[in-house]
Amino acid sequence: MVSTDFKGLIQRFYQLQAERLETYRLFEEGHEAYLRTGPHYDFEHYKQLVHQITLAFNGISKEVLDIKDKFRLHLNRTDLSDHIDKLQSKEKHKLQLTAQLQLTRQQAQDHPEDQDACQEKIQQLKHEIIKTQEALSEIMQDFKYDSEESD
């Protein structure tokens with residue numbers, strides 16, 4: 001159960017964001033390892049990793065949404081809950097882009113004849129991920145500013 005203690009909620013929110021970043025790192029490392037098993041990919045191992053990553057992301061998101069509800073319903077901090085709404089939307093978009101990037105990297109590896117098109121798509125996706133990360137950073141800055149405003 002998530003506490004309604006303001007400072008405790010803020011700290012837990014930051015911890016969850018750090019866990020989310022670590023989960024992305026593990027996801028990327030796992031995908032790189034998966035690509036190294038090609039052309040006869042170890043799909044079973046990768047499928048298990050994706051399952052574990054999905055569980056981790058779902059758990060993080062559920063707890064972040066619980067915190068968002070505490071800010072909105074119990075602490076009357078709609079400003080902070082709105083930041084979390086925006087953050088969750090951008091995180092979802094980032095995860096979709098990351099999955100597309102991983103599929104495109106595998107396609108580039110599996111079909112060297114499509115290398116140019118794949119590399120262009122990879123660069124586009126990387127650019128979109130960077131833009132999304134910048135938007136996430138801005139949301140986190142706004143959250144930090146607004147959460148410290150009440151101290």
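Per-structure values
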item	result
The chain - accessible surface per residue (Å², probe 1.4 Å)	61 Å²
Share of carbon and sulfur in the accessible heavy-atom surface of the chain [1.4 Å probe, %]	53 percent
Over 31 Å (Cα to Cα) - which of LYS121/LYS144; LYS7/LYS62; LYS47/LYS92 fall in this group	LYS121/LYS144
Contour excess over end-to-end distance, with Cα ends at GLN124 and GLU29 and 0.36 nm allotted per residue	32.1 nm
Amide H within-cut-off set for ARG77, under 5 Å, with H built and near neighbours excluded	ARG72
Mean-position separation - Cα centroids, the stretch 7-71 and the stretch 90-149, in angstrom	15 Å
Whole-Hz ³J(HN,Hα) from phi, Karplus 6.51 cos²θ - 1.76 cosθ + 1.60, for the stretch 61-73, glycine and proline x	4, 4, 5, 4, 5, 4, 5, 4, 5, 4, 4, 6, 8
Neighbourhood charge, 12 Å Cβ-Cβ cut-off, centred on GLU32 and excluding it, Lys, Arg +1 and Asp, Glu -1	+1
³J(HN,Hα), Karplus 6.51/-1.76/1.60, whole Hz, each residue of the stretch 38-51, x for Gly, Pro	x, x, 9, 4, 8, 5, 4, 5, 5, 4, 5, 4, 4, 4
In degrees, nearest ten, helix 78-110 long axis to first principal axis of the chain (Cα)	10 degrees
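The values are calculated or read from the model by the stated rules, or taken from the named source; none is laboratory data. Please read all numbers here as calculations on a predicted model, not as lab measurements. Cβ atoms come from the backbone with ideal geometry, glycine included; neighbour counts cover every protein chain shown. When the accessible area is computed, the model is the full protein with side chains, heavy atoms only, and any ligands, DNA or RNA have been set aside. Shrake-Rupley method; radii C 1.70, N 1.55, O 1.52, S 1.80 Å.
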